[in-house]
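Let me begin by presenting the structure, written as structure tokens, before commenting on it.
Read-outs throughout are calculated quantities, based only on the coordinates presented, and are distinct from any laboratory measurement. Just so it is clear, the structure is predicted and the values come from calculations on it, not from any experiment. Every residue, glycine as well, gets a Cβ built from its backbone with ideal geometry; the counts of neighbours run over all protein chains shown.
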Amino acid sequence: MTMVASSTSVASTAKPQKPRLNKDGASGLTLISPPLLYALLMLAAPLLMVITFSFWTQNYLDIDRTLTLKNYAEAWTDPLYRLLMLRSLAISGVVTVVTVLLAFPIAYYLSFRVTKHKALWIFLITIPFWTSYLLRVFLWKVILGYNGVFNSGLKMLGLITEPLTFILYNANAVVIALAHAWAPFAILPIFISLEKIDRSLLEAAEDLGDGPVRRFFRVTLPLAMPGVIAATLIVFIPTVGDFVTPKLVGGNDGLMIANMIQVQFGKANNAPLGAALAISAMLIVALISFVFIWLNRRFTTGDGK
Amino acid sequence: MSDIPTAADARTIIDARNVTKHYGDVKALDGISAEIREGEFFSLLGPSGCGKTTLLRMIAGFDELTSGTIAINGEPMAGVPANLRPTNMVFQSYAIFPHLTVAENVAYGLRRKKLPKEELQREVEAALEMVDLGGYGPRASHAMSGGQRQRVALARALIMRPKVLLLDEPLSALDKKLREQMQVELRRLQRAVGITFILVTHDQEEALIMSDRIAVMFDGRISQLATPQELYRLPANRRVASFIGVMNFLDGTVIGEDGDAVHLDIAALGKVSVPKSQCKSRIDGTAPAHVGIRPEMLTILFDETEQAEREVTGTISDVVYYGDMTYYDVQLPGAEKPITISMRNTAGRAVLEIGATARVGWGSESIVVLD
Amino acid sequence: MRRGTGINWLAVYAVAYMVFLYAPAILLPIFAVNDSTIIAFPLRGFTGKWFADLWSSEALQASALNSLYVAVSTCIVSTLLGVCAARAATRYPFPGKKGIMGFIMLPLVLPEIIVAVALLVVLVQLGLDLSLWTVVLGHVLVCTPFSIAVLSSAFQGMDRSLEEASLDLGETRFNTFRRVTLPLVMPGIISSLLITFTISLDEFIIAFFLTGTDATLPVYIWSQLRFPAKLPSVMALGTILLLVTIVLLILAEWFRRRSTARRGEDISIAGGLA
């Protein structure tokens, strides 16, 4: 028997196999189809429905299915809706900035200073987040109220003689309650991106002559940006749509667009207008998010993933 | 390419023909043909990305062929899933099931045979003893060290009595000492069980130590398939030569041939006649030739009394001391680059210094002519 | 890391921040045992009567049962969907993967009111009666992404060659899944069940829009917040819920860690959020 091995480049005579889609791709699609189908039925279809709905009109319980822009005209011109929309964006914007600014040092502390029991710290940070959301917001009312924990505490310390009133039933209270509610959502993404930073990069920066401050702004912060961006979006988008917090602690000056959407779907019985408000809010939020991401891509070099 | 002398009664266990694998435009394997014999220790050697692991996974049944055929024990394997093939694999990561004990890992594949409990236990214990892990059965597998996990992986595969055992870089995760120990042990084990082993490795030394035959792969092709000795002595081309061990390359010219010999004029060494059996390249008329010389095929003549077939004098340009060996770089007049010479550090022999003049001894037997 | 010789300001800040985070959670049990109908300082003394009141409220018990029903259904369905998606995402390449996964994870960043309103419109148009099941539909939508996040880390941590080893040792694909894959991701599955259960139990906005006559616990709490006299009982209820949730989360974390124990440093469910 002769044993031959050769690196032959003779064209193969065997039949060529079918190109993609291969086995793996098919298995993947099969597996993903149940959750995808669910999301299509329960998310995509309803969203399309809401969009359609926003072009209809409603008189008490009768729905008129002729397409009209009337709801949008009302949503965009009525001064009340415009005020609520702008206030929602402003409050959410402030909430986002405050939340992310407050969260960053914590994430930094956890990532760079805590050496033992990191997972435990993370766990402790998420625990308060699981208190009933309604009660959490309600308890801020207790803390910030006229005779609340905060005011009575300050009084006891002799820092004030009269209770502070600017902290409840206005936008400030909404900002505080929301910054609290969304804290873990800001801390975790930033923490993750800080954890991913190769520590030798920081040593390299120091070795090349950067002091702690310069090193932070030239190496740490740019590398943590993906986490900061994620945190910003994760906080900003949902807070625009919150209606529990404004209702409980916002007073009249703290009401937001979602409260109006809720009213339209509830007491006011004008669901199409509510839908138009919801779609408008979503579009504006999406637009702001895209501009934000685009600006970040523009002004950060490297792969701004 | 020359035929390899055959072992008398060796059957072909794996027959790969024209195996190709394309990922889009990239040819991971480009027409591989090889016959692997029953009972031999066969290595697929090459740098990372040469396609050796892909070929191994195709034999195991994890990757599909773009074209070509693989037959195991005479049966074509197209469409046969991994679980029905008479092969077993030792994975690079060992793939020890972390939720099972050592014994449960080893017994994993036997479940389908529905053996009585005692017989199963006996088989498992025998397999563990074979890899020096007797009594380790009840232990949690994730508490085992790297070397122990590897033995568990071996026992788990060998208990299946495969026709072919496939080993995917099994030693790469071990430290140097343990790796060297396992090389010898694996070789011993293979001889003891008599099963065909196919080893994928990027470590040329490992392949030389362990294998009966080695296929050296570059860019999805087999460059040379030969025994370790032939591979080392007569590499097929410069790429194989420099991948396996160290080789000095010198330019030369073929100035004629007659009968069994080729006459060469080699830069810095002069004219010499070389037996045709030392020529891996086709010789036609007078043409430039690439001459290779292993460092240990050259000697430095320390003493007036020492003599060699041929002699040439040069200047030492670098000295690297390895303990048992010293490597000298010697610049010969007329040569482009210094040539490397390795010398054993025997008793009483001094290590020369840079700048010293050295007499270099060589002979026609030191030389191979390569593509 | 460089450490200042003076006060570690970052540590001081961290402690202050934790006080801020825990302020409401700490007040909750305090007012649950405070002997006064007014939720304010100063405290009036200890009492257990608010907890006792909970026993006698039929509406509360009904809503607790409703929530249990919704949460159990939600956690099972969303974990099943999560297993499919996490497995597909971590194991197979398929066309349009990024877009499909992004779409399925979308409810994580959508304002809940949008999800709630959208589902409400469809259900009303289809003429379906609102019930606990419609709440489940909405909850599954928002819980599935969390389930995927938890399970992805469990699937990702699994060396792919473990499954290949099983096939190599002669097992079929189905038995490989049963004997290797499932036991290895089981802690992740349990963790996913617990977390989605907890989210569903606490979810208010979707439940508020989609529930019919049967209130879930958060909807019940919302209705009680208007009556000052009921507030102390609500605090007691909140305390119990908080304790239950913490126990569930500790269990979930424990199981999740078992599934990723051999992968060095790991981080919580937020792994999939970033």
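Observations on the model:
- For segment B:108-150, the normalised intensity computed at q = 0.24, 0.27, 0.29 Å⁻¹ comes to -0.91, -1.03, -1.09 (log10 of I(q)/I(0), Debye sum over alpha carbons, equal scatterers, no solvent).
- Screening chain C for DSSP H helices whose Cα atoms reach 30 Å or more along their own axis and whose mean Kyte hydropathy is at least 0.0 gives C:9-32, C:58-91, C:132-156, C:231-260.
- Helix B:146-158 and the longest principal axis of the C-alpha atoms of chain B enclose an angle of approximately 70°.
- For residues of B:83-91, the mean tally of beta carbons on other chains within 10 Å: 4
- Efficiency of FRET from Cβ geometry, B:ARG112 and A:LYS23, R₀ 30 Å, rounded to 0.05: 0.80
- Of the peptides B:137-145, A:140-148, the order by per-residue mean of other Cβ atoms within 10 Å, starting with the highest, comes out as A:140-148, B:137-145.
- Expected 222 nm ellipticity per residue - DSSP helices of 4 or more, -39500 (n - 2.57), all of chain C, to 500: -23000 deg cm²/dmol
- Here the label points at B:ASP251 and B:ASP371, each 7 Å from Cα along the C-beta direction, are separated by 2.2 nm in the simple model.
- Entry note, chain A: the mean residue ellipticity at 222 nm calculated from DSSP H runs of n ≥ 4, each adding -39500 (n - 2.57), is -20000 deg cm²/dmol after division by the residues and rounding to the nearest 500.
- Placed amide H near B:ILE13: partners under 5 Å, 5+ positions off or other chain: B:ILE36, B:ARG37, B:GLU38
- The separation of segment C:83-157 from segment C:20-44, counted between C-alpha centres, amounts to 37 Å.
- Nearest-0.05 FRET efficiency for C:ILE246 and C:MET186, computed from C-beta distance (R0 25 Å): 0.65
- Using the Karplus relation 6.51 cos²θ - 1.76 cosθ + 1.60 with θ = phi - 60°, the per-residue 3J(HN,Hα) values for segment A:172-188 come to 4, 5, 4, 4, 4, 5, 6, 4, 6, 5, 9, 3, x, 5, 8, 5, 4 Hz, with x marking Gly and Pro.
- For B:GLN224, residues with placed amide H under 5 Å, excluding near neighbours: B:VAL216
- Test item: B:152-160 mean partner chain Cβ contacts at 10 Å: 1
- Segment C:71-121, Rg to Rh (Cα coordinates; Rh as Kirkwood inverse mean 1/r): 1.04
- In Å, descending, principal axis extents of the Cα set of chain A: 102, 65, 35
- Karplus-based coupling profile of segment B:65-82, in residue order and whole Hz: 7, 6, 7, x, 9, 10, 10, 10, 6, x, 9, x, 9, 4, x, 8, x, 4, with θ = phi - 60° in 6.51 cos²θ - 1.76 cosθ + 1.60 and x standing for Gly or Pro.
- Between helix B:117-130 and chain B: long-axis angle, C-alpha atoms, 0 to 90°, nearest 10: 10
- Seen through its C-alpha gyration tensor, with square-root eigenvalues sorted a ≥ b ≥ c, chain C comes out oblate because a/c lies at 1.5 or above while a/b is not bigger than b/c.
- Estimated vicinal HN-Hα couplings, Hz - segment B:30-45 in sequence order (Karplus 6.51, -1.76, 1.60; Gly, Pro = x): 10, x, 8, 10, 7, 10, 10, 8, 5, x, 9, 9, 10, 10, 9, 10
- All Cα pairs of segment A:131-222, percent lying beyond 20 Å: 59
- Rounded to the nearest 500, the helix-only mean residue ellipticity at 222 nm of chain B stands at -6000 deg cm²/dmol, with each DSSP H run of n ≥ 4 adding -39,500 (n - 2.57).
- Angle between chain A longest axis and helix A:221-240 axis [Cα atoms, degrees, rounded to 10]: 50
- Where only C-alpha atoms are counted, convex hull volume of the protein assembly as shown per residue in Å³: 256
- Residues of segment B:107-141 with amide N under 13 Å of the 7 Å Cα→Cβ point at B:GLN181: B:132-133
- Residues whose placed amide H lies under 5 Å from that of B:ILE255, excluding near-sequence neighbours: B:HIS263, B:LEU264, B:ASP265
- Within a Gaussian network of chain A (alpha carbon springs, distance under 10 Å), most fluctuating of A:ALA224, A:ALA26, A:ALA276: A:ALA26
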